[in-house]
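Shown next, in C-alpha cells, is the structure this report addresses.
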Amino acid sequence: MIKKDIIINMTRRCNYNCSYCNVIKDNSVFSKQNIEDIVNFLKFNSQYINTVKFFGWEPILVFDDIKHIIENTKDEIWNKFVIVTNAKILNDEIWEYFSKYFETIFFSIDTENDFNYEKVINFINQFSLNHKLYFNIVINPWEENNSLEQFTILKEYWINKYNILPVYYTKEWNKKNLLALSENIKNILNFNLDYYWFQQNEGYVSSLINESFFIDTDSKIYYSDIVSTYLWNPYKRHLFIWDIAESNLNDFINLDFWKYKKIIKVLENFVYNKSEWQKELHEIMDYFSVYLNNNWNDF
Ligand code: SF4
C-alpha cells in the first residue's frame, strides 16, 4: 500500500527575518474551517499516511492549532507526528507536549540567528526524551563558514544527528561561495573521519525535492513543499493535487504519482535556467550528502 508523508504548512509567519529567506512569508494561517478540514482529511486517510509533519516558517506560533489537530486525530495517527522548529519560543509547556506526542523533532539552526543550544539541551535532558531528534544546520550563501562552527558546537554536546542544508532555490549562490561551501563541507567530513567513527549512510537522495503531500495555508495540497519557495512558486499550479476540503480516500488510490514526478523533472530545468548555480549546488550536496546527511543510525 502506498503511504505518504504529509507536510502541513501551519503558517507562513516566522519569528525571524533572515536575509537569505527563500520562502514566501506573510501572515497567513489556516482558518478554523481549514483546521477542521485538515482533521477530517487526516482521519479519513490515516491508513495511507506515513508521517504528519507540522511545518511552517515557525509552526509553534500557532501551537493551539497544532494541538487541536493532534487532539482530534491522535487515535488514528498515533506515533506519526513530526515537527520542525527553530526553538526560539519553546517553553516547558510546549516541550512537555512535544515529549508526549511527537515521534520526531527537527531543530533548525538558522545561522543568522542565535540558536539557544543550552536551552534545547536542557529540555532534552529534562524529559529524557526517547524520540528521534535531528538538527538541521542551515547554510546561507554568505556565511558558509558558520556551518563548521555550528557543527563543532553540536559535537561538543555529543549531538550526532544533523543535516547540512544549504539554502536551496535562492539566486545568491555563485562560483566563489560554492567553492567556499565545498571547502567547509570537506572540513566537516574530515572532522568526522578524524574524531568519530563513521558510517556511510544512504545519502540525501531527494535533497532538493521532497515528494510529500504539502498542505499550504491556501488549504490546497501540492506534490512537494518546494512550491513555497520564490523560484518554484510561479509553477505552483502544476503541482496542485487537491483542495483539502474535497479530497477523499479514493483519491489516494487513483493518484498518478508518475505524472507529478515527470512534472517536477521538467520544472526543475526551468528553475535551473532561472538560477545559474543551482544545479552545481545540488551536485555538491548530492556528492557530500552520501557521507553526511540524514544519518539515521544511532551513534
Ligand atoms: S529562513 Fe527560515 S527562520 Fe529565517 S526567516 Fe525564513 S522561514 Fe524564518
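Any read-out appearing in this document is the output of simple, stated calculations on the displayed coordinates, not a laboratory observation. Since the model is a prediction, treat every value here as computed from it, not as a measurement. Neighbour counts run over all protein chains shown; Cβ positions are idealised from the backbone, glycine included.
What residues have an amide H closer than 5 Å to that of ILE7, excluding those fewer than 5 places away on the same chain, when H is modeled at 1.01 Å from N in the peptide plane?
Residues meeting the criterion, in which the H sits 1.01 Å from N, are LYS53, PHE213, PHE214, ILE215.
Report, for segment 4-289, the % of DSSP beta bridges that are antiparallel, rounded to 5.
Working: 7 of 36 bridges.
So the antiparallel bridges amount to about 20 percent of the total.
Work from the charge dipole of segment 4-289 (Cβ charges, +1 for Lys and Arg, -1 for Asp and Glu, about the Cα centre) and give the residue of ALA245, TYR235, ASN146 farthest towards its positive end.
The residue sitting farthest along the positive end of the dipole is TYR235.
Relative to the compact-globule scaling 2.2 N^0.38 Å, provide the ratio for the alpha-carbon radius of gyration of the chain.
Values: Rg = 18.9 Å, N = 299, 2.2 N^0.38 = 19.2 Å.
Cα Rg divided by the expected 2.2 N^0.38 Å: 0.99.
Fully extended, how many nm does the chain gain between ASP92 and ASP114 (0.36 nm per residue separation, minus their Cα-Cα distance)?
Details: separation 22, 0.36 × 22 = 7.92 nm, distance 1.96 nm.
Here the answer is 6.0 nm.
Would you work out which of PHE123, ILE109, ASN9 lies farthest towards the positive end of the dipole of the chain, given +1 charges on the beta-carbon of Lys and Arg and -1 on that of Asp and Glu, about the Cα centre?
Positive-end residue among those listed: ASN9.
Towards the positive end of the charge dipole of segment 4-289, with charges on Cβ (+1 Lys, Arg; -1 Asp, Glu), say which of PHE214, TRP258, ILE24 has the farthest Cα.
TRP258
Report the extension gain between GLU172 and LYS74 in nm, rounded to one decimal, defined as 0.36 nm multiplied by the number of residues separating them, less their alpha carbon distance.
Values: separation 98, 0.36 × 98 = 35.28 nm, distance 4.16 nm.
This chain segment gains 31.1 nm when fully extended.
Treat each spin label as a single point 7 Å out from the Cα along the C-beta direction, and report the ASN248 to TRP142 distance in nm.
The two pseudo-label positions are separated by 5.2 nm.
Mind checking the dipole of the chain: about its Cα centre, +1 per Lys or Arg Cβ, -1 per Asp or Glu Cβ, Debye to the nearest 20?
Values: 30 positive and 40 negative charges, 134 e Å.
Computed charge dipole of the chain: roughly 640 debye.
Taking 7 Å along the Cα-to-C-beta vector as the label spot, tell me the ILE153-GLU283 distance in nanometres, rounded to one decimal.
Going by the 7 Å Cα→Cβ label model, 3.3 nm.
Hey, fewest Cβ within 10 Å first, where do ILE159, ILE221 land in order? Intermediate results must be reported in sequence, preceding the final value.
Values: ILE159 19, ILE221 23.
Ascending number of Cβ neighbours within 10 Å: ILE159, ILE221.
Give me the dipole magnitude in Debye, nearest 20, for segment 52-123 about the Cα centre, with unit charges on the beta carbon: positive for Lys and Arg, negative for Asp and Glu. Present the calculation step by step, with values, prior to reporting the outcome.
Values: 7 positive and 14 negative charges, 41 e Å.
In debye, rounded to 20, segment 52-123 gives about 200.
Pick out the long, greasy-scoring helices in the chain: whole DSSP H runs spanning 15 Å or more along their own axis by Cα, mean Kyte-Doolittle at least -1.0. Let's see the in-between values first.
Values: long enough: 32-44 (18 Å, -0.21); 63-77 (20 Å, -0.79); 145-156 (17 Å, -0.67); 175-195 (30 Å, -0.27); 257-274 (26 Å, -0.37); 278-289 (16 Å, -0.85).
Span-like helices here: 32-44, 63-77, 145-156, 175-195, 257-274, 278-289.
Taking only C-alpha pairs under 8 Å that are 6+ residues apart, what is the relative contact order of segment 4-289 in percent?
On the way: 423 pairs, mean separation 57.6, N = 286.
After rounding, I find 20 percent.
Give me the compactness ratio for segment 1-135, meaning the Cα radius of gyration over 2.2 N^0.38 Å.
On the way: Rg = 14.9 Å, N = 135, 2.2 N^0.38 = 14.2 Å.
Ratio of Rg to 2.2 N^0.38 Å for segment 1-135: 1.05.
GLN47 to ILE241: FRET efficiency via 1/(1 + (r/R0)^6), r the Cβ-Cβ distance, R0 22 Å, to the nearest 0.05? If you can, show how the numbers build up before the last one.
Details: r = 18 Å, r/R0 = 0.82.
Given R0 = 22 Å and the Cβ-Cβ separation, E is 0.75.
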